[in-house]
Amino acid sequence: MPRSSSSSHKSRGAGEPVFRLADGVGAIQAGELIVYPTETFYALGADPFSRIALGRLFRVKARESGHPVGLIAADTSMAFSLAREVPIDARRLADAFWPGPLTLVIPARDGLAPELTGPDGVAVRVSPNPIARALASGLGHPITATSANLSRHPPATSLAEARSAFGAKGKVYLEGGNLAATAPSTLVVVTREGWKMVRAGAISEDQIAAVLAGEQLK
């Protein structure tokens with residue numbers, strides 16, 4: 001479990017400040033943006049239930065409207081609380097791959113911001129990264145998980161890259177080392193009628209199909 005403290009961040013002397021988990025939770029609660037590590041790349045975190053924070057996130061990333069952002073939850077129960085209904089295939093995939101780099105798009109419950117939902121629903125995953133999960137747990141609901149880069153730029157694999165992109169626009173930067181992922185999370189839409197692969201990623205389409213066919217993963 002990541003170390004948490006209610007004290008303010010420390011300084012590296014002449015270098016960048018060192019932030020703690022509690023700083024990140026507090027900044028999100030205040031409507032600010034933070035940068036944090038996931039199992040794939042660094043992410044830009046905001047409170048998805050704050051319209052002010054979501055507006056700030058879209059402006060800072062220079063992200064076009066109509067491109068909803070995904071979320072990270074602390075656990076399966078939190079993730080599925082976003083759903084109007086949870087298709088059985090979504091539960092099977094969650095059981096097989098969460099925590100892990102699989103983002104499920106599931107039917108969205110009423111009341112979610114349009115910045116979070118598309119025609120197929122809301123996108124969410126449970127990350128195996130303990131910092132990412134602890135942030136969502138500390139907040140009490142999911143956090144945004146869009147990659148920490150300007151739109152149409154490569155995702156950040158180090159905190160230095162994220163700082164270069166956002167600077168003071170990010171209130172807190174949580175260190176997670178250099179991330180070695182070569183692919184984003186796999187994105188799969190799941191409905192009552194079936195499933196479809198939207199974005200190839202760390203988990204292959206064959207692995208998805210095998211689980212839903214009842215096969216054991218090797």
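Every read-out reported here was derived from the displayed coordinates using simple, explicitly stated rules and does not represent laboratory data. Here the structure is a predicted model, which is why all the values come from computation and not from measurement. Cβ coordinates were reconstructed from backbone atoms using ideal geometry, including for glycine residues, and neighbour counts include every protein chain displayed.
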Environment charge at Ala27 (Cβ cut-off 10 Å; Lys +1, Arg +1, Asp -1, Glu -1): -2
Can you grab the distance from the C-alpha centre of the stretch 155-188 to the C-alpha centre of the stretch 81-122, Å, no decimals? 24 Å
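Quick one: net charge of Pro114's neighbours, Cβ under 15 Å, K/R +1, D/E -1? Walk me through the numbers on the way to the answer.
On the way: positive: Arg51, Arg63, Arg109; negative: Glu64, Asp110, Glu115, Asp120.
With Lys, Arg at +1 and Asp, Glu at -1, the neighbours total -1.
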Estimated [θ] at 222 nm from DSSP helical runs (n ≥ 4, -39500 (n - 2.57)) normalised by residues in the chain, nearest 500: -8000 deg cm²/dmol
Lysine pairs in the chain with Cα atoms under 20 Å, if 8 or more residues apart or on separate chains: 4
The size of the Cβ-based charge dipole (Lys, Arg +1; Asp, Glu -1) of the chain about the Cα centre, to the nearest 20 debye, is 580 debye
If packing is taken as the mean number of other Cβ atoms within 10 Å per residue, what is the order of 157-166, 20-29, highest first? 20-29, 157-166
Computed on Cα atoms, the radius of gyration and Dmax of the chain in angstrom are 16.8, 57
Kindly rank 175-183, 98-106 from highest to lowest mean number of other beta carbons found within 10 Å of each residue. 98-106, 175-183
Between Arg59 and Glu205, with labels modelled 7 Å along Cα→Cβ, what's the label distance in nm to one decimal, could you check? 4.0 nm
Counted charge near Asp89, where neighbours are those whose Cβ lies closer than 13 Å (Asp, Glu -1; Lys, Arg +1): +1
Ranking request for peptides 66-77, 198-209: highest mean number of other beta-carbon atoms within 10 Å first, then the rest in descending order. 66-77, 198-209
